[in-house]
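Here the structure comes first, spelled out in structure tokens, and everything after it is commentary.
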Amino acid sequence: MPSSSTKDNKRITLNPLDTIEEMIAAQEWPYHRLSHDEILLEIAGRWHDYRVSFFWNEDSEVLGIISSLEMPVPAERYNDTVFLLHLINQRLGLGHFELSPEENNLVFRYAYLMAGLKSLKSESFEELLEIVISECERFYPAFQFTVLGNKKPEEALSVTLLDTQGEA
């Protein structure tokens, strides 16, 4: 289990990805340890199978989490998609969606400040993963309606924000 040590009177948090890797392996979820500072987890959602990357930045003591929606945006849908991103991000309290310019892909980003923490508890990991996946699941249909279905952003968002009861 990670612990912290003192160097020049500063608490140093050890790599939480070691703990995350243990928790993922215990769940028997498919994952890849891409480097000392990155793990890629594949997890099934209701609308999509997500690729969730965990990044550790030791200098800032921030655990970054990025979930890919793997939905490339065609040039003709770019402006509507950017406006939809704006509308959605206004509604988020934690994290944000963006269009990754390198990959022309929609992603959800979340940063978790671990300064002063010795390790990442399993409850915290579960909460972080729940936040990321639930926000992706909540807005995935709006992105589909706009990017693939040629719906206007306001219409796509209004459909996804309807309160529903039960499941069909």
Within segment 1-35, considering residues that are more than 19 Å from the chain's Cα centre (by Cα), farther than 14 Å from MET114 by Cα and in a loop (DSSP other than H, G, I, E, B), the one modelled with the highest pLDDT: GLU28
Selection within segment 67-93 - under 19 Å from GLU103 (Cβ atoms), of a type in the set (D, E, K, R) and within 18 Å of the chain's Cα centre (by Cα): GLU70
Members of segment 126-143 that are touching a strand residue (DSSP E or B) at 6+ places or on another chain (Cβ under 7 Å), surrounded by fewer than 20 Cβ atoms within 10 Å (Cβ to Cβ) and under 25 Å from PRO74 (Cα atoms): ILE133
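Listed here are the residues, each with its yes/no results for (1) touching a helix residue (DSSP H, G or I) at 6+ places or on another chain (Cβ under 7 Å); (2) at pLDDT below 95.
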| residue | (1), (2) |
| --- | --- |
| GLU58 | no, yes |
| LEU84 | yes, no |
| ILE88 | yes, no |
| LEU120 | yes, yes |
| ASN150 | no, yes |
| SER158 | no, yes |
| LEU162 | no, yes |
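For (1) of a type in the set (Lys, Arg); (2) in contact with a His (Cβ under 7 Å, 6 or more places away or on another chain); (3) touching a residue at least 60 places away in the same chain (Cβ under 8 Å), each residue gets a yes or a no:
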| site | (1), (2), (3) |
| --- | --- |
| GLY64 | no, no, no |
| PHE83 | no, no, yes |
| ASN89 | no, yes, no |
| ASN105 | no, no, no |
| LEU128 | no, no, yes |
When residues of segment 147-162 are limited to those that are over 20 Å from GLY45 (Cα atoms) and polar (S, T, N, Q), the one nearest to the chain's Cα centre (by Cα): SER158
Test for ARG109: is it exposed (fewer than 13 other Cβ atoms within 10 Å of the Cβ), under 14 Å from PHE139 (Cβ atoms) and of a type outside the set (Phe, Trp, Tyr): no
Segment 73-104: number of residues that are exposed (fewer than 13 other Cβ atoms within 10 Å of the Cβ) and of a type outside the set (Asp, Glu): 9
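The values are calculated or read from the model by the stated rules, or taken from the named source; none is laboratory data. All of these numbers come straight from a predicted model, not from anything done at the bench. Here Cβ is always computed from backbone atoms with ideal geometry, including for glycine, and neighbour counts include all displayed protein chains.
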